Amino acid sequence: MSAAESQQSGAAGRIRAKSREFRVAAVGLLLASMIGPAQLYCIQGILPQVAEGLQISAGDSQLIFLAAFAGFALGLIPISLLSERYGRRSILLASSTLGTLIYLLLVFCDNLTEIILLRGLQGVLLAGVSAIVMAYIGEEFEPQAVTPAMGIYAAGNALGSLLGQMLPAWIVGGTGSWRLALGVLAVLLLGVIVVSAITLPRSNFFISSDISYAMEARLFLSHLSNPRLLVIYLLIFCFMGAIISIFNALPFRVESPPFNISPSMYGTFFLVILVGVFTAKTSGTVAARIGIRNTLLLAVVLMLAGVALLAVPVVWIIVLGAALVTGGGFAGYTCLTSLSATIAHKGRAQASSLFLASSFSGSAVFGLVGSRVLTDAGWAGLLIYISGLMGLGFLLALTVRDAPPADAEGRKS
């Protein structure tokens with residue numbers, strides 16, 4: 001059998017691009033991809049109101065946001081392994097439903113510790129959504145349909161982030177109640193889960209496999225012992241830590257004097273994410289011309305320029321600064337994703353899991369440090385901290401090489 005015939009045979013029965021089945025599946029994919037980001041970011045735009053309602057500091061309120069990221073990082077690998085045994089779609093829908101129900105419980109909590117624990121558990125469950133969707137696409141869609149399906153997945157992530165960041169802020173701006181804002185979003189997401197369960201096709205090509213924990217551990221350890229991958233994981237720590245620290249602190253900055261911007265108006269600030277979507281798409285073209293290393297350095301410089309603008313006490317300049325930070329961060333993230341896949345000749349799934357875990361760990365760890373810096377040193381101190389992170393990122397980016405070496409791992413592939 002020729003390679004073409006083999007590929008055609010392997011794709012038989014899978015979802016074809018531009019077919020009616022693809023269009024229906026696209027609805028399910030889009031909605032399923034929105035669930036995780038919407039819940040992860042739902043608190044970010046209303047942190048000042050949560051802090052006021054619970055009578056806690058700005059730094060402590062950020063722990064509520066960061067707990068979900070820490071849980072996500074911890075749950076990513078275990079939930080992925082469960083999906084290898086029990087199926088993609090079933091774990092995906094179960095994780096989404098349980099995560100949303102736990103999210104709904106947040107509305108009735110008054111104790112900071114309880115809220116942090118629930119957010120952490122929510123993050124663990126939501127890890128199943130992002131970890132599984134890409135594997136589901138690879139199994140259920142024919143090769144020609146994988147790229148457009150991945151595009152729908154990426155669009156769902158972006159829309160979910162915007163929904164989680166903007167809708168609660170708008171509701172708080174109109175009602176003053178952060179609990180109502182979270183409750184409305186939770187009910188909306190339960191409806192999204194129902195529609196995605198109806199439109200997302202069943203897993204017809206999933207093959208359950210016994211998990212060799214020893215083999216999995218060896219693959220993870222081999223990646224962690226690869227210095228080139230370690231640089232990537234440290235870089236994504238810096239990129240995500242900087243972005244999360246800034247956007248967690250920004251509402252406290254602009255909703256207080258001398259700006260006094262309303263929560264609903266601040267919600268529109270998150271439209272700068274669209275700048276990140278644009279730079280993520282164009283970064284591949286830029287990297288093809290000047291190389292990944294130089295593109296990473298350019299991304300860091302963009303972020304540093306954005307941090308400098310954030311120091312200017314003028315609203316439109318602050319928005320521009322946030323846009324530059326977002327654009328540089330998304331461009332860097334895309335380059336690092338590509339580089340990670342190129343370097344990891346074996347165990348690419350494990351390398352991807354480590355990359356995502358590093359992304360969310362960086363958000364949690366450096367975001368936590370950022371929350372303490374904001375409390376102790378204010379906005380100026382936070383910007384100095386972020387500049388230090390990006391300086392470290394610049395030094396790390398200098399060590400990046402575009403072409404992977406022909407190491408032993410590469411020769412075996």
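Read-outs: derived from the displayed coordinates by stated rules, not from any lab. Note that the structure is predicted; figures quoted are calculated from it, not measured. Cβ: placed from backbone, ideal geometry, glycine included. Neighbour counts: every protein chain shown.
Angle of helix 178-199 to the longest C-alpha principal axis of the chain, folded into 0 to 90 degrees and rounded to 10: 10°. For the chain, find the longest principal axis of its Cα atoms and tell me its angle to the long axis of helix 315-343, 0 to 90°, nearest 10. Taking the Cα atoms of the chain, the angle to 315-343 is about 20 degrees. Quick check: Cα centre of region 167-240 to Cα centre of region 32-59, how many Å? Cα centres, region 167-240 to region 32-59: 16 Å. Across region 132-143, computed HN-Hα scalar couplings (Karplus, 6.51 cos²θ - 1.76 cosθ + 1.60, θ = phi - 60°) run 9, 4, 5, 5, 4, 4, x, 8, 9, 10, 5, x Hz from first to last residue, x flagging Gly and Pro.
For region 76-140 versus region 268-345, the inter-centroid distance based on Cα atoms is 28 Å.
Using only Cα atoms and rounding to the nearest 10 degrees, what angle (0 to 90) does helix 292-310 make with the longest principal axis of the chain? Orientation of helix 292-310: about 20 degrees from the principal axis. Here the Karplus relation 6.51 cos²θ - 1.76 cosθ + 1.60, evaluated at θ = phi - 60°, turns the backbone of region 267-279 into coupling constants of x, 6, 4, 5, 5, 5, 4, 4, 5, x, 4, 5, 5 Hz, with x for every Gly and Pro.
For region 83-91, 3J(HN,Hα) computed residue by residue from phi via the Karplus equation (6.51, -1.76, 1.60; θ = phi - 60°) reads 5, 5, 9, 10, x, 6, 5, 5, 5 Hz, glycine and proline entered as x.
Dipole size of region 15-202 about its Cα centre, with +1 on Lys/Arg Cβ and -1 on Asp/Glu Cβ: approximately 580 debye, rounded to the nearest 20. Charge dipole (Cα centre; +1 on Lys/Arg Cβ, -1 on Asp/Glu Cβ; no other charges) of region 212-402 amounts to roughly 540 debye.
In nm, give the distance between the simple-model label positions of Arg202 and Asp402, each being 7 Å from the Cα along the Cα-to-Cβ direction. If labels sit at Arg202 and Asp402, their model points lie 4.9 nm apart. Fully extending the segment from Ala308 to Val187, taken as 0.36 nm per residue of separation minus the present Cα-Cα distance, adds 39.6 nm. Amide H contacts of Asp402 (H built 1.01 Å from N, in plane; Pro and chain starts excluded): Arg293 sit under 5 Å, all sequence-distant by 5 or more or on other chains. Note on region 212-402: Cα Rg divided by 2.2 N^0.38 Å, N the number of residues, gives 1.07.
Put simply, the convex hull of the Cα atoms in region 15-202 casts, on average, a shadow of 9.9 nm². Proximity of backbone amide H atoms, modeled 1.01 Å from N, is registered between Phe141 and Ile15 at under 5 Å, excluding neighbours fewer than 5 places apart on the same chain.
The label-point distance for Ala154 and Arg289, in a model that sets each label 7 Å from Cα toward Cβ, rounds to 1.8 nm.
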